[in-house]
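Here the structure is laid out as structure tokens; the discussion comes afterwards.
The values are calculated or read from the model by the stated rules, or taken from the named source; none is laboratory data. Values in this document were obtained by computation on a predicted structure and should not be read as measured data. No Cβ is skipped: glycine too gets one built from the backbone with ideal geometry, and neighbour counts run over all protein chains shown. The area values use the complete protein model at the heavy-atom level, side chains included, leaving out ligands, DNA and RNA. Shrake-Rupley method; radii C 1.70, N 1.55, O 1.52, S 1.80 Å.
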Amino acid sequence: MNATLLKALVAFVPAGMLFSGSAVLFLRGKSTWPFLQLLGTGFLVVVVLTHVAEALQLFPWMHWGQEHSVGHYLDLWSAVLGLTLFPVGYLMHVLTKRHP
């Protein structure tokens, strides 16, 4: 098994857990902040899937692992958006949560 594939599959577990937890939170409240969390975790799942595609050499026209390629920018911007939107959504959800 490819080391990149193994790392991606291991990373899929926490990313999937974050995504499912964010989906449940969004479906309960359907407000802006849980939606940002869900969107952020969706981008983190895209990062994991790009690494799986790189390891399995899917979509070779994306030139996975090469600088200035479509695959590189898809991975980069998914990571940036995921690591920005998820914490912002989480923090704002916690700060604006109503206490009974």
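Which one, L25, P14, H68, projects farthest toward the positive side of the charge dipole computed for the chain from Cβ point charges (K/R +1, D/E -1)?
Ranked along the dipole, the leading option is L25.
Of all accessible surface on the chain at a 1.4 Å probe, what whole percent is carbon and sulfur?
In the chain, the share of accessible area belonging to carbon and sulfur is 72 percent.
Fully extended, how many nm does the chain gain between K7 and E67 (0.36 nm per residue separation, minus their Cα-Cα distance)?
Contour length minus Cα-Cα distance gives 19.6 nm.
To the nearest 10 Å², what's W64's accessible area with a 1.4 Å probe?
Approximately 40 Å² of W64 is accessible to the 1.4 Å probe.
To the nearest 10 degrees, how steeply does helix 32-55 sit against the main Cα axis of the chain, on a 0 to 90 scale?
Once rounded, the angle reads 10 degrees.
Round to the nearest 10 and give me the degree value, 0 to 90, for the angle of helix 70-96's Cα axis relative to the longest principal axis of the chain.
For 70-96 against the chain, the angle is about 10 degrees.
How big is the dipole moment of the chain about its Cα centre under a simple scheme where the beta carbon of each Lys and Arg is +1, that of each Asp and Glu is -1, and everything else is neutral? Debye, nearest 20, please.
In debye, rounded to 20, the chain gives about 600.
Multiplying the sequence separation of V24 and L83 by 0.36 nm and subtracting their Cα-Cα distance, what value in nm do you get?
Taking 0.36 nm per residue and subtracting the Cα distance, the gain is 19.3 nm.
Between L18, L36, L76, which gets the highest mean-square fluctuation from a Gaussian network model of the chain, Cα cutoff 10 Å?
Between L18, L36, L76, it is L76 that shows the largest mean-square fluctuation.
Simple spin-label model, 7 Å along Cα-to-Cβ: L76 to M92 in nm?
About 2.6 nm separates the two model spin labels.
How tilted is helix 3-29 with respect to the longest principal axis of the chain? Cα atoms for both, answer in degrees (0 to 90, nearest 10).
20
By what distance, in whole Å, do the Cα atoms of segment 1-67 stretch along each of the three principal axes, largest value first?
If we take the Cα atoms of segment 1-67, the spans are 40, 23, 16 Å.
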